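Handing you a structure now.
The values are calculated or read from the model by the stated rules, or taken from the named source; none is laboratory data. Small disclaimer: the values here were computed from a predicted structure and weren't measured. Every residue, glycine among them, receives a Cβ derived from its backbone with ideal geometry; neighbour counts consider all protein chains shown. We work out accessible area using only protein heavy atoms, side chains counted, and drop any ligands, DNA or RNA first. Shrake-Rupley method; radii C 1.70, N 1.55, O 1.52, S 1.80 Å.
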Amino acid sequence: DTGVSQNPRHKITKRGQNVTFRCDPISEHNRLYWYRQTLGQGPEFLTYFQNEAQLEKSRLLSDRFSAERPKGSFSTLEIQRTEQGDSAMYLCASSLADGPMPQHFGDGTRLSIL
Amino acid sequence: DAKTTQPNSMESNEEEPVHLPCNHSTISGTDYIHWYRQLPSQGPEYVIHGLTSNVNNRMASLAIAEDRKSSTLILHRATLRDAAVYYCILIGNDMRFGAGTRLTVKP
């Protein structure tokens, strides 16, 4: 199966530490999206890339959040100086760029801040 | 920002049809209506999408109101595996998921 892959599946860290998550999209998809999901809520859009270009980043939650997709393939989402409120599921999705194509989601990385 | 409104929860009996409503009164002309569903501990799964006309696929049907201010996802015969949270979202200049509808399917 060549679906969207996210690593790690779970991350536990202490407050103040930096964390990085990785997303490997479906290989022929040139759009990649990051979302955050808290308990009982729908996914909250954070940012997206078309190939290596980050086309929307105004919805990143603070300047502690950053994302990269250097070669237009996999992407990383980094959170610096983590806070308790960062505990959530971080979801990645990918799609083809033409039109409003369906997004294919990974199963997420669950972040727990101690 | 275009937003969607869905009931918090719905129940259905197994093998009966289910109609999941979504209101999107501020939809813009270029927004597509997408539906996703999510099982526990999994990412959302695409179900169906449309712009103006009703749509059918192997999973479901999507009925879109003539004024596009509402839509309905139709599961023709609910199974236990259809129990999930269903999200209606508008894809255009923005992508905002609401809290979705939690569908319970009773055997």
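I need the full set of residues from the range A:1-43 which are of a type outside the set (D, E, K, R), closer than 30 Å to B:ASN8 by Cβ and in a loop (DSSP other than H, G, I, E, B), in order please.
Matches in the range A:1-43: A:GLY3, A:VAL4, A:THR38, A:LEU39, A:GLY40, A:GLN41, A:GLY42, A:PRO43.
Looking only at the range A:44-62, filter to residues that are open to solvent by 60 Å² or more (accessible area, probe 1.4 Å) and not in a loop (DSSP other than H, G, I, E, B); which one of those is farthest from A:GLN80 (Cα to Cα)?
A:LEU55
Quick one: A:ALA97 ticks every box in (1) in a loop (DSSP other than H, G, I, E, B); (2) open to solvent by 10 Å² or more (accessible area, probe 1.4 Å); (3) farther than 18 Å from A:VAL4 by Cα except a single one, so which number is it?
A:ALA97 satisfies all of (1) in a loop (DSSP other than H, G, I, E, B); (2) open to solvent by 10 Å² or more (accessible area, probe 1.4 Å); (3) farther than 18 Å from A:VAL4 by Cα except (3).
Of all the strands (runs of 3 or more DSSP E) wholly in the range B:22-107, which have at least 1 residues that are surrounded by 16 or more Cβ atoms within 10 Å (Cβ to Cβ), within 14 Å of chain A (Cβ to nearest Cβ) and not small (Gly, Ala, Ser)? Give the derivation first.
Values: elements: B:32-38, B:45-50, B:61-64, B:70-75, B:84-91, B:101-106.
Strands (runs of 3 or more DSSP E) meeting the threshold: B:32-38, B:45-50, B:61-64, B:84-91, B:101-106.
I would also like to ask the following. A:TYR33 passes all but one of (1) within 11 Å of chain B (Cβ to nearest Cβ); (2) closer than 19 Å to A:SER87 by Cβ; which number fails?
It fails just one condition, (2).
Okay, moving on. For the range A:25-43, how many residues are without any contact (Cβ under 8 Å) to a residue 24 or more places away in the chain and surrounded by 12 or more Cβ atoms within 10 Å (Cβ to Cβ)?
Number satisfying all stated conditions: 2.
Next question. Can you find a residue in the range A:104-113 that is touching a helix residue (DSSP H, G or I) at 6+ places or on another chain (Cβ under 8 Å) and surrounded by fewer than 22 Cβ atoms within 10 Å (Cβ to Cβ)?
Of the residues in the range A:104-113, the ones touching a helix residue (DSSP H, G or I) at 6+ places or on another chain (Cβ under 8 Å) are A:111, A:113.
If we keep only those that are surrounded by fewer than 22 Cβ atoms within 10 Å (Cβ to Cβ) too, we end up with A:111, A:113.
Yes, the range A:104-113 contains at least one residue that is touching a helix residue (DSSP H, G or I) at 6+ places or on another chain (Cβ under 8 Å) and surrounded by fewer than 22 Cβ atoms within 10 Å (Cβ to Cβ).
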